[in-house]
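Presented below is the structure to which this report refers.
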Amino acid sequence: MSINFPLLLVIAVALCGALALFDLIFLAPRRRAAIAQYQGQVGEPDEAVVERLSKEPLLVEYGKSFFPVLAIVLVLRSFLVEPFQIPSGSMKPTLEVGDFILVNKFAYGIRLPVLDTKIIEVDDPQRGDVMVFRYPSDPNINYIKRVVGLAGDHVRYSSDKRLFVNGKPVAEQLLGEEPGSLGSVVLYQERLGEMEHLIRKEMHRYRVEPGREWVVPQGHYFMMGDNRDNSNDSRYWNDPNIPKPLLGMVPDQNIVGKAFAVWMSWPDPKLRNLPNFSRVGLIH
């Protein structure tokens, strides 16, 4: 079962804030009145009694303690930067399994948490951006792929593993075989828009039927992984509940943010060894 962490965070902040407000308006004045009444009844007030009368209820104490911390986390995570871990190899060689990345939440506009409603326009995704988004068939799952097609683009992926956008082949340069692959995997440097990045192709694996083409509707994006033959992306999504013209497309409201940096790598899923920082750097 997937957990809606943003919703839980919003609820936690709201509850803690409500406790703090309830204490400020109702409970704190009662405590002060009780202390004043006690001090007026005795000549020398007992400090232990005063301390007991001024003590906050345990639930209020916890709520007031956690509220600022949770509120800061909510603001940072919802509007500025959110961390993610890469669970699969679909973006190799750009991102490896176990990479911990940072995602810019305001690069494509400021959105309300949970509702994901854009309230402030900032910029639009560009070809070549590495973007985190909610999977159209299950918005509780986050995906990370590269933006290949923008609204109005004609995208084609040929039987010889060449990518075409608007009838023109996307520039790529052969770099050589992947080390240890015995020639079965080759690496290319691809240029999408203003972005140059590495892609990976398995020479003897074919998944896309020849001549597959897609037209990107308004308000949508066509996404592909850099590990071209090991990526569940816009080329393969098949959901009968999604209208055919939108099949494989990522709607604007599903955007989470722009991935911009790797800050740590911890490939062992059981975390039995130490993380490494050799892959720390900006994402291209």
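Can you order the peptides 86-97, 230-241, 273-284 by their average number of other Cβ atoms within 10 Å per residue, highest first? Let's see the in-between values first.
On the way: 86-97: 19.1, 230-241: 15.1, 273-284: 11.6.
Ranked from most to least packed, the peptides come out as 86-97, 230-241, 273-284.
Quick one: Cα centre-to-centre distance for the stretch 172-194 and the stretch 1-43, in angstrom? What the calculation gives is 59 Å, centre to centre. Build a GNM of the chain with springs between Cα atoms under 10 Å apart, and of Glu178, Glu190, Glu82 the one that fluctuates most is Glu178.
The local environment of Lys55, defined by Cβ-Cβ distances under 13 Å, has a net charge of 0 under the rule Lys, Arg +1 and Asp, Glu -1. Between Phe260 and Ala151, the C-beta separation translates, for a Förster distance of 22 Å, into a calculated FRET efficiency of about 0.45. Among Arg228, Arg212, Arg134, which one moves the most in a GNM of the chain with springs linking Cα atoms closer than 10 Å? Between Arg228, Arg212, Arg134, it is Arg212 that shows the largest mean-square fluctuation. Residues Met203, Met249, ranked from the fewest to the most other C-beta atoms within 10 Å, line up as Met203, Met249. Amide H to amide H, with H built 1.01 Å from N, Asp99 comes under 5 Å of Ile86, Trp266, counting only residues 5 or more places away or on other chains. Computed from label points 7 Å out along Cα-Cβ, the spacing between Leu15 and Ser184 is 5.1 nm. Of the residues Leu174, Leu53, Leu27, the one that moves most in a GNM of the chain with alpha-carbon contacts below 10 Å is Leu53. If a paramagnetic tag sat 7 Å from the Cα of Gln85 along the Cα-Cβ line, which residues of the stretch 132-151 would have the backbone N under 18 Å from that point? It comes to 141-144, nothing else.
Quick note: the coordinates plus some simple rules give every number you see, no bench work behind them. Predicted model only: the values in this text are computed from it and were never measured. Don't worry about glycine lacking a Cβ; one is built from the backbone with ideal geometry, like all the others, and counts go over all protein chains shown.
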